[in-house]
1. Just one of (1) more than 16 Å from Ile60 (Cβ to Cβ); (2) in a helix (DSSP H, G or I) trips up Cys213, so point out which.
2. Please enumerate the residues belonging to the stretch 32-80 that are among the hydroxyl-bearing types (Ser, Thr, Tyr), open to solvent by less than 20 Å² (accessible area, probe 1.4 Å) and farther than 24 Å from Leu218 by Cβ.
3. Taking into account only those residues within the stretch 193-209 that are over 19 Å from Met159 (Cα atoms) and part of a helix (DSSP H, G or I), which is least open to solvent (accessible area, probe 1.4 Å)?
4. Every residue in the stretch 226-258 that is within 18 Å of the chain's Cα centre (by Cα), assigned to a loop (DSSP other than H, G, I, E, B) and crowded, with 23+ Cβ neighbours inside 10 Å, please.
5. Any idea which residue in the stretch 295-324 is surrounded by the most Cβ atoms within 10 Å (Cβ to Cβ), counting only those that are among the small types (Gly, Ala, Ser) and under 24 Å from the mean Cα position of the chain (by Cα)?
6. Here is a list of conditions, (1) over 20 Å from Ser29 (Cβ atoms); (2) surrounded by 19 or more Cβ atoms within 10 Å (Cβ to Cβ); (3) in contact with a strand residue (DSSP E or B) (Cβ under 8 Å, 6 or more places away or on another chain), and His265 meets all of them except one; can you say which number that is?
7. Right, Leu30: closer than 19 Å to Ser209 by Cα and either more than 22 Å from the chain's Cα centre (by Cα) or not small (Gly, Ala, Ser) (or both) or not?
8. When Val282 is evaluated against the numbered criteria (1) of a type outside the set (Lys, Arg); (2) assigned to a helix (DSSP H, G or I); (3) within 17 Å of Tyr122 (Cβ to Cβ); (4) open to solvent by less than 10 Å² (accessible area, probe 1.4 Å), which criterion, by number, is the only one it fails?
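The values are calculated or read from the model by the stated rules, or taken from the named source; none is laboratory data. As the structure is a computational prediction, the values presented were derived from the model and not from experiment. Positions of Cβ are backbone-derived with ideal geometry, glycine not excepted, and every protein chain shown enters the neighbour counts. Ligands, DNA and RNA are stripped out before the accessible areas are found, and what is left, the full protein with its side chains, is counted by its heavy atoms. Shrake-Rupley method; radii C 1.70, N 1.55, O 1.52, S 1.80 Å.
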Amino acid sequence: MREGKDLILATKPYANEIRSRSWFHLITSLGLLILALSGTLVLPYFVARLAASIFAGLLIVRTFVIYHDHQHHTILHNSKLADAIMTIFGIYILAPTSIWKRSHDYHHKHNSKLFSASIGSYPIATRQKFEQMSRKERRSYLFTRHPLTILAGYLSMFMIGMCLQSFLSSPKKHLDSLLALVLHFCGSAAIVYFLGWQAWALFILIPFSISCCMGAYLFYAQHNFPGVTFNDNEDWCYHEAALLSSSFMVMSPFMNWVTANIGYHHIHHLNARIPFYRLPQVMADIPELQDAKTTSLRIREIIACLRLKVWDPQLKRMITLREAAELKAPAYKVASPQPLGFS
């Protein structure tokens with residue numbers, strides 16, 4: 001059984017894009033998104049416009065994962081046209097390139113470390129640290145991980161986390177974050193003024209609410225699921241963090257298409273240079289990657305993921321608030337969690 005560097009090397013032959021396929025997926029996804037958004041405004045029946053709005057939200061998710069691959073320099077690298085398209089899309093989706101790439105690269109380098117800043121990740125506290133928090137700190141920690149906060153990812157993760165906090169922390173570095181907010185609000189105001197509230201809801205509110213909620217939850221569940229492992233910094237290693245702290249999210253073929261195979265997250269973390277359209281092939285060809293920790297989009301498993309709140313070093317698993325209340329806190333060294341934000 002290959003592991004460590006040998007396993008990473010086994011994935012290297014797949015870490016090459018087929019540029020024609022990359023362009024095909026980008027152009028078709030953007031084309032379908034433009035058609036769906038147009039349908040929210042021009043289709044003759046409200047039900048048809050609503051269906052187009054929902055489909056647009058799903059297409060934003062797909063296009064965002066393609067954008068995410070581009071930011072990893074996995075696809076369409078050194079293409080000025082692709083860079084321009086992705087820069088515009090990043091501003092459109094309220095995840096501009098200046099903050100998204102920096103925070104996401106940090107996440108990949110520090111995934112599942114207990115004692116790193118919560119940049120690009122949901123904060124994790126050990127049970128002892130959680131019990132030592134003040135009421136205000138505990139409320140802030142639980143608010144960040146609350147299901148309603150994830151549901152409102154449009155506001156919490158993207159408007160506030162990606163754009164507002166990044167700009168306020170470093171205005172010169174993140175002017176594109178301010179630009180994204182200004183254009184988003186001006187565009188919304190223009191749609192309401194010229195086309196009305198219903199057009200705004202169908203063109204912006206519903207698609208962004210669906211896509212941002214899905215994005216926030218996918219990112220959460222891929223690293224906060226029953227069986228996930230977290231480690232002290234000194235015990236951390238890259239390949240174990242990928243395979244033990246990143247889930248394989250089992251989905252239907254349609255949802256795999258919508259999410260551009262981001263459910264193969266353990267493989268993506270093992271080698272982020274593998275294009276999204278090659279991830280299923282990697283899993284099929286390399287047996288060591290097939291015994292992954294899994295979760296899914298079934299209601300029961302979503303609830304199981306959302307109930308997890310703190311890491312218990314003694315039990316070596318994430319536990320619920322009820323479990324935390326029933327256990328006494330041992331004296332463990334812990335991390336200081338931070339709100340989901342960026343600097």
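1. Looking at each condition in turn, Cys213 falls short on (1).
2. Within the stretch 32-80, just Ser79 meets the criteria.
3. Ala199
4. If the condition is that a residue be within 18 Å of the chain's Cα centre (by Cα), assigned to a loop (DSSP other than H, G, I, E, B) and crowded, with 23+ Cβ neighbours inside 10 Å, then Ser245, Ser246, Ser247 are the ones that fit.
5. Ser296
6. (1)
7. In short, yes.
8. Result: Val282 fails condition (3) only.
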